[in-house]
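What follows draws every value from the coordinates through simple rules; no lab data is involved. Being a predicted model, the structure only gives us computed values, none of them experimental. Neighbour counts are summed over all protein chains in view; Cβ atoms, including those assigned to glycine, are modelled from backbone coordinates with ideal geometry.
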Amino acid sequence: MKSWSLIGAAATLAFGMSTLVAPAAADKLDDVLGSGKIRCAVVLDFPPMGYRDADNNPAGMDVEICKDLANAMGVEAEVVGVTWAERIPSLISGKTDVAIASSSDTLERAKTVGFSIPYMVFQFQALIPADSKISTWEDLKNAHVGAAIGTTYESSFTDYKAANWPDAPGKLSTYQSETETFMAVSQGRVDAVISTDTAIANVIASGKYGDLKAGPIAPFGADIVGFMTLRKEYGWINYLNLYINRANRSGRMQEIYSEYIGGDMPDLTSSGVYY
Amino acid sequence: MDYQFLWPPVIKALPKLLDAALLTMQVSVISMIFGLSIGLLLSFGRRSKYFIPRTLSSIWVEIARNTPVLFQIFFCYWGLGEFGIFLSSFVAVVTALSFNTAGYMAETFRGGFNAIPDTQLNAARSLGMSFFQTQRYIIVPQVLRVIYYPMTNQFIWVILMSSLGMLAGLRELTGETQYFNSRTFRTFEFFAATAVIYYIIAKLVMLGARLLGWRLFRGQS
Amino acid sequence: MNSAGSAFTNLSWVDLIFLGEAAIRTLQISIVSIFFGTVIGIILGWMLAAGNVFVRIAVSSILDVFRSVPLIIQLILFDSFVSIAGYPMPAFWSGTIVLSVYCAALVAMVARAGIEAVSPNLRRAARSLGMGYWQDLRYIVWPVGLRAVFPSWIGVALSVLKDSALVSAIGYLELMRASQILTTKTQESFKIMLLIGLFYFLMSYPISKAGEFVEKKWQS
């Protein structure tokens, strides 16, 4: 009896909701121009790409790119801090217009969101305590490894483990954010964590997490990252692509890179293939 | 609505989700056992005539009841790490939930004991029963009746709270759901399925408790 | 320890202001949700106490769902549902709606208990004095029932205050999320935890003690 009334109520609710649903809104590019504001999803615990400065204002390379893009469009930039796992939900839920959040261009993600052309390249690497005996990638086989949930390195490592070390006693623990993984390795909860080379260099330079050192590079290949937005927003993706292209042509991207990372901007092209 | 619901990933993941639901039950049962035992001790502590046990029990109860469970979980997981105490996700979540449950159950026990008039105690003692006999035959059965339904509610509450284990890296039902969500980005589908699983668990526990309560307490009124 | 990168700083007064602002947002979302939750909950409680059998079964089985599914899942589910339905809303509002409904589900039980705590004889006496149904509710049931369940209502309100910490999971920058952000930046997890624990305790403890005091006073 109770359950029937429940099903009835659920059906009524679902019907009510479905009749409320309006047809698709205008083009995302129009929305952004119309609102005079671009909302960028950025991961803010991933220095030097995204972090909070002494006044708790967002800063970092991804934040700077968002501001530069806003400037190019003649709108205001609003940086929305998200965790790794929240990036795509924040786009889908319309809380943000674009994710400039060091997101690897995986085919799995492309089933849900649309990617721009690449704007940065990383390597995946292990971060280990300074006195760790881990020296080669194979040494991670039996280690307790940490990684932030929702990242490419976490899913790549899981897949790699399953394919190459199926019976090894090594363990993977997932964390909600990048900082939690750094805390975990510095506290000694895990033997190593996986992150990107730039983030690891920054963490070691900061000295905030005790004595850590950069470990072996992951054999997953280059990590090419792009902006993400809704899959169907072709007009918006075209605009973002042109922005990235022009920001590189004009040298603006190199300027931002020099400010936050230093050195020469990595090559964004893949040899032997069209984009 | 532009969104296309896509259920196959959920159906594929269902066995894993049900495994994770078992972990949820493990966490909840262990936390409940610890919480009940410690809660009983705390309720005695609060009635103690000595200052130290009384104060310590009161502090425990008030902190447990006046701070968020999520805070308690984070504290056990990350806060203790600063002292070199590393609890695994499982232990941290069980510790926090036991701490919380003990605080709430202590108050429930207190209500249960208060419901029994002192005259009964005196009568039993004057019949020559020892303290433990009095507790065993007179007090505990009556207290159990008073606290049985609040205890059942608390247990369901613990099951629901264990979902916060997700935020401390525990792959219980909610953690596992988040894991699949992070792979497939089917947030609504996965969390809807999980909501149904929790609802079913809560109803089964409630039903089980009703049946058990009916067996335990029938004919005693 | 000296910091090399500008990305990592120690806890400063700027951070304390940041926490303070987040604490205000915690209070805001809690107060708004408790207000709406209480109003809706009282109406639902009245339906549970006074409605016919169908109304009672319908209302109680719907409310039951909200008490049988973890709040964090309700939050994520509602937040993603309104988005895919094409009505995305700021985290404050989706959080407020879910918290209000959750609060209403708890208040409804309290309100029903309050209405049922008023003896039928008293109500019959009131009606026989010529009071209408609404007059009876306003002048007899409300004051008598309120006394009976006011402490339980305090308990519900405080649990909503504490549960508002979960709104952090859908991205609302309240106290719990602010503390995570600062932990990220400063690594002072223990100090920050103590601060926010103290905040919740100082909000919740005096109110719960005041509730107990009122309860004792009314009972004597």
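Modelled this way, with points 7 Å down the Cα-to-C-beta line, the labels at A:Ala163 and B:Ile116 are 6.5 nm from one another.
Here B:Ile200 and A:Lys37 are evaluated by their C-beta separation; at R0 = 35 Å the FRET efficiency comes out at 0.20. Our helix-only sum for chain C, with -39,500 (n - 2.57) per DSSP H run of n ≥ 4 divided by its residues, gives a mean residue ellipticity at 222 nm of -27000 deg cm²/dmol. Scattering from chain A was approximated by placing one identical point on each alpha carbon and applying the Debye formula without solvent; log10 I(q)/I(0) at 0.10, 0.12, 0.15 1/Å stands at -0.58, -0.79, -1.11. If you wrap the tightest convex hull around every Cα atom of chain C and split its volume per residue, you get 147 Å³.
Working from label points 7 Å from Cα in the Cα-to-Cβ sense, the C:Tyr205 to B:Gln142 distance is 3.4 nm.
In degrees between 0 and 90, to the nearest 10, how far off the longest principal axis of chain C does helix C:13-50 point, with axes built from Cα atoms? Tilt relative to chain C: about 20 degrees.
Once the C-beta distance of C:Gln28 and A:Ile217 is scaled by a Förster radius of 41 Å, the resulting FRET efficiency is 0.30 to the nearest 0.05. Averaging 1/r across all pairs of distinct Cα atoms in region B:20-115 and inverting the result yields a Kirkwood radius of 13.9 Å. Other protein chain C-beta atoms within 10 Å of residue C-beta, averaged over A:180-193: 3. Considering only beta bridges that DSSP places wholly inside chain A, some 55 percent are antiparallel. Charged side chains reduced to their Cβ positions (Lys and Arg at +1, Asp and Glu at -1) give region B:25-217 a dipole of some 580 debye around its Cα centre. Per-residue shielding of C:45-57, expressed as the average number of other chain Cβ atoms within 10 Å of the residue Cβ, stands at 1. For region A:159-173 versus region A:94-125, the spacing of their alpha-carbon centroids is 26 Å. Once both labels are positioned 7 Å from their Cα atoms along Cα-to-Cβ, the gap between C:Ala50 and B:Ser130 label points is 5.8 nm.
Among B:47-58, A:90-101, the peptide with the highest mean count of other Cβ atoms within 10 Å heads the list, and the full ranking is A:90-101, B:47-58. When the charge dipole of region B:114-189 is built from unit charges on Cβ atoms (+1 for Lys and Arg, -1 for Asp and Glu) and taken about the Cα centre, the candidate among B:Gly128, B:Ser163, B:Ala115 whose Cα reaches farthest toward its positive end is B:Gly128. On the basis of the beta-carbon distance and an R0 of 22 Å, C:Ala125 and C:Lys217 show a calculated FRET efficiency of 0.30. Gyration tensor analysis over the Cα atoms of region B:140-215 returns equivalent ellipsoid semi-axes of 32, 13, 7 Å (largest first, whole Å).
Explain nothing, just the number: relative contact order of region B:25-217, from Cα pairs under 8 Å at least 6 residues apart, as a whole percent. With pairs under 8 Å counted, the relative contact order is 23 percent. Using bins of 5 Å that start at zero, the share of Cα-Cα pairs per bin across region B:78-118 amounts to 5, 20, 17, 16, 11, 10, 8, 6, 4, 2, in whole %.
Rg of the Cα atoms in region A:55-155, relative to 2.2 N^0.38 Å, amounts to 1.33.
Peptide B:170-183 is shielded by partner chain Cβ atoms: per residue, an average of 4 of them sit within 10 Å of its Cβ. For the residue pairs A:Lys171/C:Lys162; A:Lys37/A:Lys232; B:Lys49/C:Lys216; A:Lys133/B:Lys12; A:Lys28/A:Lys161; A:Lys232/C:Lys162, the C-alpha atoms sit more than 31 angstrom apart in A:Lys171/C:Lys162; A:Lys133/B:Lys12; A:Lys28/A:Lys161; A:Lys232/C:Lys162.
Packing here is the average count of other Cβ atoms within 10 Å per residue, and on that basis the peptides B:12-24, C:179-191, A:257-269, C:119-131, highest first, run C:179-191, B:12-24, A:257-269, C:119-131. For chain C, the longest principal axis of the alpha carbon atoms and the long axis of helix C:175-186 meet at an angle near 10°.
Note on region A:124-217: with charges restricted to the Cβ of Lys and Arg (+1) and Asp and Glu (-1), its dipole about the Cα centre is near 120 debye. In chain B, helical runs assigned H by DSSP with n ≥ 4 each contribute -39500 (n - 2.57); averaged across all residues and rounded to the nearest 500, the mean residue ellipticity at 222 nm is -25500 deg cm²/dmol. Put simply, the convex hull of the Cα atoms in region A:124-217 casts, on average, a shadow of 5.2 nm². Across the options A:Tyr275, B:Thr187, B:Ala20, the greatest Cα extent toward the positive end of the charge dipole of the protein assembly as shown (unit charges at beta carbon of Lys, Arg, Asp, Glu) belongs to B:Ala20.
The listed peptides A:220-231, B:118-129, ordered by packing as a protection proxy, come out as A:220-231, B:118-129 (highest mean of other Cβ atoms within 10 Å first). Rounded to the nearest 10 degrees, the angle from helix C:189-219 to the longest Cα principal axis of chain C is 20 degrees.
A Cβ-based charge dipole, computed about the Cα centre of chain C with Lys and Arg at +1 and Asp and Glu at -1, lands at about 700 debye. Seen from every direction in turn and averaged, the convex hull around the alpha carbons of region B:25-217 projects onto 13.2 nm². Extension gain for A:Asp131 to A:Glu108 (0.36 nm times residue separation, less C-alpha to C-alpha distance): 4.6 nm.
Taken over the protein assembly as shown, the alpha-carbon convex hull comes to 198 cubic angstrom per residue. Using the membrane-span-like helix rule (whole DSSP H runs, Cα extent along the own axis of at least 15 Å, mean Kyte-Doolittle hydropathy at least 0.0), which helices of chain B qualify? Passing helices, by number: B:8-47, B:51-66, B:89-114, B:140-161, B:187-217.
Taking the charge dipole of region B:25-217 about its Cα centre, with +1 at Lys and Arg Cβ atoms and -1 at Asp and Glu Cβ atoms, the residue from B:Leu42, B:Leu216, B:Gly79 reaching farthest to the positive side is B:Leu216.
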